[in-house]
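Quick notes on the structure that follows.
The values are calculated or read from the model by the stated rules, or taken from the named source; none is laboratory data. Computed from a prediction, not measured in an experiment: that's the story for all the values here. Here the Cβ positions follow ideal geometry from the backbone for every residue, glycine too, while neighbour counts run over all protein chains shown. Please note that ligands, DNA and RNA were not included when accessible areas were found on the heavy atoms of the full protein model with its side chains. Shrake-Rupley method; radii C 1.70, N 1.55, O 1.52, S 1.80 Å.
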Number of protein chains: 2
Amino acid sequence: MNALARHLLLELKICNEEVLDDLDFLKDCLNEAAIQSGATVVGESFYRFSPCGVSGVVNIAESHISIHTWPEYKYAAVDVFTCGDDVDPEAAARLITEKLGAQSHSLIEVRRGIMEDSQVECAK
Amino acid sequence: MNALARHLLLELKICNEEVLDDLDFLKDCLNEAAIQSGATVVGESFYRFSPCGVSGVVNIAESHISIHTWPEYKYAAVDVFTCGDDVDPEAAARLITEKLGAQSHSLIEVRRGIMEDSQVECAK
């Protein structure tokens with residue numbers, strides 16, 4: 001099966017709750033993860049919610065990395081959506097898991113855009 | 001099982017390829033989908049790639065809606081990530097599916113942030 005993209009769905013539990021509420025830290029973390037994975041950052045948008053929690057997306061030339069945090073549950077949902085062979089989404093997932101101090105995590109990989117063509121190449 | 005968020009992974013195939021390469025159309029489409037689902041838009045970022053394809057994210061107070069398109073394959077990957085009972089992510093998915101003229105689609109729902117607490121409420 002040929003897929004256009006790899007999508008990692010990362011569940012991070014028992015994280016450092018202070019970090020989960022720190023917009024600047026999370027922004028740096030996702031940007032560093034993008035670079036670490038070999039991706040090219042083309043934009044970002046982050047928001048801090050009341051009373052707590054941060055949502056953020058780093059747009060990369062190879063798709064996106066997003067995070068939504070619930071500090072009150074010490075939980076973060078992270079998505080690493082990449083296309084192309086030059087990017088290592090697991091490297092991004094590992095770095096974010098470490099930086100958030102997650103004591104428990106799970107990761108599901110979904111192949112997106114499964115095509116019948118025998119030669120599928122990422123045009124992005 | 002109590003989950004903090006619902007995440008719809010939408011695979012759209014045999015779409016209108018002109019629409020898939022039209023950044024302004026897709027921006028309007030995702031914003032309309034967000035509103036239709038009852039979500040509050042708090043930001044957006046869209047990029048058009050060379051030679052073709054668009055990536056975009058609409059940030060909503062209840063999480064995000066993202067799209068990555070491959071016009072050359074008439075394919076789009078859409079994610080609708082929402083939290084809270086006041087948002088109807090299926091409404092967003094239906095509208096985007098229609099607007100892109102997808103002749104084939106599939107949808108997977110992933111419950112994100114499954115917690116052991118009996119009462120889980122979205123704080124965002």
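Counting only residues that are farther than 28 Å from B:Ser50 by Cα, more than 7 Å from every other protein chain (Cβ to nearest Cβ) and surrounded by 23 or more Cβ atoms within 10 Å (Cβ to Cβ), how many does segment A:53-80 have? The qualifying residues number 3.
When restricted to residues that are crowded, with 20+ Cβ neighbours inside 10 Å and either modelled with pLDDT of 95 or more or β-branched (Val, Ile, Thr) (or both), segment A:81-96 contains 7. For A:Glu90, indicate whether it is under 30 Å from B:Pro51 (Cβ atoms) and more than 9 Å from chain B (Cβ to nearest Cβ). Yes: the conditions hold for A:Glu90. Residues of segment A:1-39 being part of a loop (DSSP other than H, G, I, E, B) and open to solvent by less than 60 Å² (accessible area, probe 1.4 Å), which ones? Matches in segment A:1-39: A:Cys15, A:Asp21, A:Ser37, A:Gly38, A:Ala39. For segment A:38-48, the criterion of being within 10 Å of chain B (Cβ to nearest Cβ), out of contact with any helix residue (DSSP H, G or I) (no Cβ under 6 Å at 6 or more places or on another chain) and over 22 Å from B:Gly56 (Cβ atoms) is met by no residue.
Given the criteria polar (S, T, N, Q), surrounded by fewer than 24 Cβ atoms within 10 Å (Cβ to Cβ), in contact (Cβ under 8 Å) with a residue 40 or more places away in the chain and closer than 24 Å to B:Met115 by Cα, does A:Ser106 qualify? Yes. Take A:Val78 and tell me if it is in contact (Cβ under 8 Å) with a residue 12 or more places away in the chain and under 20 Å from B:Ile65 (Cβ atoms). The answer is yes for A:Val78.
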